[in-house]
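The values are calculated or read from the model by the stated rules, or taken from the named source; none is laboratory data. Everything numeric here is computed off the predicted structure, so don't read it as measured data. Here Cβ is always computed from backbone atoms with ideal geometry, including for glycine, and neighbour counts include all displayed protein chains. These accessible areas exclude ligands, DNA and RNA; they are computed on the full protein's heavy atoms, side chains included. Shrake-Rupley method; radii C 1.70, N 1.55, O 1.52, S 1.80 Å.
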Amino acid sequence: MKTENIEDIYEVSPIQHGILFHSLCTSEVSLYFVQLGFTFHGDLNIVAFERAWQRVVDRHTILRTSFYWEDMEKPLQVVYKNVKVCIEQQDWRSIDPDEVQTRLSSFLKRDRDRGFDFSQVPLMRLILIHLEDDSYQFIWSTHMIMLDGWSYPLVLKEVIDFYAAFCQGEDIPFKPGSSFRNYITWLRQQDSSTSENFWGQMLKGVKTPTSLSNLDVGNLSNPEERYDEVQIEISKAITADLQSLARQHRLTINVLVQGVWALLLSRYSCRNEVIYGCTVSGRPVDLDGSESMIGEMVNTLPVRVKIDGEQYLIPWLKQFQEQLVEIRQYEYTSLVDIQKWSEIPQGTSLFESIFVFENQPIDRILRESQAQNKAINFSRPLNLYKTNYPLNLVGYPGSELRIGISYDFRRFDTTTITGILKHFEILLQNIAINPEVRLKNLSLLTVQEQQIKAMLDKQVTFNFDLALSN
């Protein structure tokens with residue numbers, strides 16, 4: 001890129017710095033690589049579709065950004081004025097339909113293996129595969145150093161809006177979108193001394209992370225490579241009961257689901273105090289336009305939770321919610337700094353699992369956009385990504401709550417992961433049925449299993465009493 005095409009240069013954010021560090025220090029080019037896939041049906045106007053993507057890239061600085069780090073004290077991000085968007089097209093209409101899925105899996109792997117050159121723009125690839133005359137597979141490959149989970153639906157909504165207008169021969173007046181510099185400037189204005197005091201106190205006495213070794217499968221000689229999420233869906237009835245319970249006690253669904261993970265982590269690790277990572281949106285209320293800003297603003301922070309089995313569930317959840325609210329005041333803090341202020345040895349991660357609650361799920365945004373205009377009809381069957389954490393748990397709100405897990409396939413097998421999800425489902429059901437319970441009495445058995453156990457226990461007691469009477 002020529003220097004006259006440079007629009008701006010500024011520092012990277014702490015989370016961008018961490019992602020860049022992990023990406024450069026590993027041989028896995030797919031680390032923090034994101035692939036979103038969509039199936040289009042109908043007559044797709046490819047010219048209008050590409051033009052819509054170009055307009056969105058023109059609007060937002062982060063989509064025109066590259067990164068430089070060599071021979072520099074701190075990495076920098078460089079914004080370019082003009083970045084050309086091109087959609088790579090492939091025609092698979094002659095491929096046997098039975099072979100398409102196998103070929104797609106191979107294609108996705110090759111795409112991940114290509115990785116990204118952080119010094120080049122744009123840091124994303126748009127791939128359109130023509131499957132049938134009225135069917136397309138669209139793949140949007142990008143990197144977490146550029147976009148967070150909050151940003152993806154914002155970008156897609158704009159693309160859909162521009163596409164719909166272009167298809168009708170109309171245009172939407174161009175207005176500059178978000179400037180990521182505003183967020184970097186806000187970060188530099190924050191007081192690091194108060195956050196150091198907070199995190200130092202919060203982690204005081206913690207010497208080691210909460211291990212997941214009890215979940216490890218030690219005999220994985222040829223583990224299956226996985227990048228997709230394994231998910232469960234909680235029924236509408238149970239989800240409605242949980243939502244009602246949350247409203248009644250002024251809790252959030254996020255807190256309910258996150259609390260379940262803390263309880264499960266306690267049982268898996270056999271500890272009454274656990275630490276895991278919680279990913280927060282990182283969008284400050286005092287930064288104008290932060291909710292509509294495109295960029296990587298999330299942060300993953302340690303959460304330290306004490307589990308006293310004698311405590312009742314609802315008071316414990318309320319206390320837990322207050323703790324999470326307090327953490328939000330310091331959510332801008334670099335995880336590298338928090339690690340430095342803790343007593344956990346350098347080089348050892350603060351946590352092995354992270355929890356994310358998608359407050360702005362892509363599926364909902366897309367449904368709303370499609371309901372508003374019929375210019376494009378598609379579904380989203382693909383969501384592939386990988387972080388440097390062994391276990392990633394995601395909560396998706398909706399009329400049917402979903403829980404997803406992506407994981408290090410070299411440490412855990414699918415059976416273990418589905419078992420964790422089953423425990424999630426059971427605990428959420430039991431909480432919905434009987435929230436007035438002590439933590440120690442929250443069972444990992446289904447209602448039917450508990451009834452059978454109660455009958456068996458009753459039968460054993462009867463037989464024992466009968467033996468004594470004889």
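Electrostatic bookkeeping for V206 treats Lys and Arg as +1 and Asp and Glu as -1; over the other residues with beta carbon under 13 Å from its beta carbon, the sum is +3.
Give, as a single signed number, the net charge of other residues whose beta carbon lies under 12 Å from the beta carbon of L301, with Lys and Arg counted +1 and Asp and Glu -1.
Neighbour charge sum, excluding L301 itself: -1.
Would you mind counting up the charge near T185? Only other residues with Cβ under 13 Å from its Cβ, with Lys and Arg at +1 and Asp and Glu at -1.
On the way: positive: R181, R188; negative: D8, E11, D286, D288.
Once all neighbours under 13 Å are counted, the net charge is -2.
Straightening the chain between M72 and K236 buys 53.7 nm, computed as 0.36 nm per residue apart minus the Cα-Cα spacing.
With the helix formula -39500 (n - 2.57) applied to DSSP H stretches of n ≥ 4, the chain reaches a computed 222 nm mean residue ellipticity of -13000 deg cm²/dmol.
Over all orientations, the range 95-203 has a Cα convex hull whose mean projected area works out to 12.3 square nanometres.
Take every Cα pair under 8 Å whose residues are at least 6 apart in sequence, average their separation, divide by the length of the range 272-370, and the relative contact order is 39 percent. By the Cα gyration tensor, the range 394-440 has an equivalent ellipsoid whose semi-axes, rounded to whole angstrom, run 24, 15, 8 from largest to smallest.
With a simple spin-label model that places each label point 7 Å from the Cα along the Cα-to-Cβ direction, the separation between Q323 and N441 comes to 2.2 nm.
Within the range 300-348, the proportion of C-alpha pairs whose separation exceeds 14 Å stands at 60%. How high is the relative contact order of the range 236-298, given as a whole-number percent (alpha carbon pairs under 8 Å, six or more residues apart)? This gives 18 percent for the range 236-298.
Quick one: longest stretch of the chain between exposed loop GluC sites (Glu not before Pro), exposed meaning at most 12 other C-beta atoms within 10 Å and loop per DSSP?
Numbers: sites that count: E70, E73, E170, E224, E225, E310, E343, E436.
The longest such stretch corresponds to 74-169.
Taking label points 7 Å from Cα along the Cα-to-Cβ direction, E170 and D288 give a separation of 2.9 nm. Quick one: check the C-alpha center-to-center distance for the range 400-414 versus the range 79-108, whole angstrom. About 26 Å separates the Cα centre of the range 400-414 from the one of the range 79-108. For the chain, relative contact order (Cα pairs under 8 Å, six or more residues apart, normalised by length) works out to 22 percent. Remark on the chain: Rg and Dmax equal 24.5, 99 Å (Cα only). Counting protein heavy atoms only, the chain has 49 percent of its accessible area on carbon and sulfur, 1.4 angstrom probe. Counting only protein heavy atoms and a 1.4 Å probe, the chain has 48 square angstrom of accessible area per residue. Centre-to-centre separation between the Cα atoms of the range 323-342 and those of the range 114-129: 32 Å.
One decimal place: the segment V217-Q448 gains 80.2 nm when fully extended, by the rule 0.36 nm per residue minus the C-alpha distance.
Can you give the extra length, in nm with one decimal, that the chain gains between N434 and N45 once fully stretched, where that is 0.36 nm per residue apart less the Cα-Cα distance? Write down the numbers at each step before the final one.
Numbers: separation 389, 0.36 × 389 = 140.04 nm, distance 5.30 nm.
That works out to 134.7 nm of additional length.
Among G295, F118, T416, which residue has its Cα positioned farthest towards the positive end of the charge dipole of the chain, with +1 placed on the Cβ of Lys and Arg, -1 on the Cβ of Asp and Glu, and the dipole taken about the Cα centre? Towards the positive end, the residue furthest out is T416.
Here is the link list: K81/K386; K236/K422; K204/K306. Which ones come out longer than 25 Å on Cα distance?
K81/K386
For the chain, the antiparallel share of DSSP beta bridges with both residues in that region comes to about 80%. Dipole orientation for the chain: of the candidates L128, T194, T26, T194 has the Cα lying most toward the positive pole (charges on Cβ; Lys, Arg +1; Asp, Glu -1). Specify which residue in the list H17, V280, Q231 is farthest towards the positive end of the charge dipole of the chain, using unit charges on the beta carbon of Lys, Arg (+1) and Asp, Glu (-1), about the Cα centre. Projecting each Cα onto the dipole axis, the largest value belongs to V280. Rg of the Cα atoms in the range 1-88, relative to 2.2 N^0.38 Å, amounts to 1.34.
Counting Lys and Arg as +1 and Asp and Glu as -1, each charge on the Cβ, what is the dipole of the range 222-318 about the Cα centre in debye, to the nearest 20? Please list the in-between numbers first.
On the way: 10 positive and 13 negative charges, 104 e Å.
That gives a dipole near 500 debye.
At 4 °C and a viscosity of 1.567 mPa s, what translational diffusion coefficient does Stokes-Einstein give for the range 19-153, taking Rh as the Kirkwood radius over Cα pairs? Give it in µm²/s as a whole number. Present the calculation step by step, with values, prior to reporting the outcome.
Working: Rh = 16.4 Å.
Answer, rounded: 79 µm²/s.
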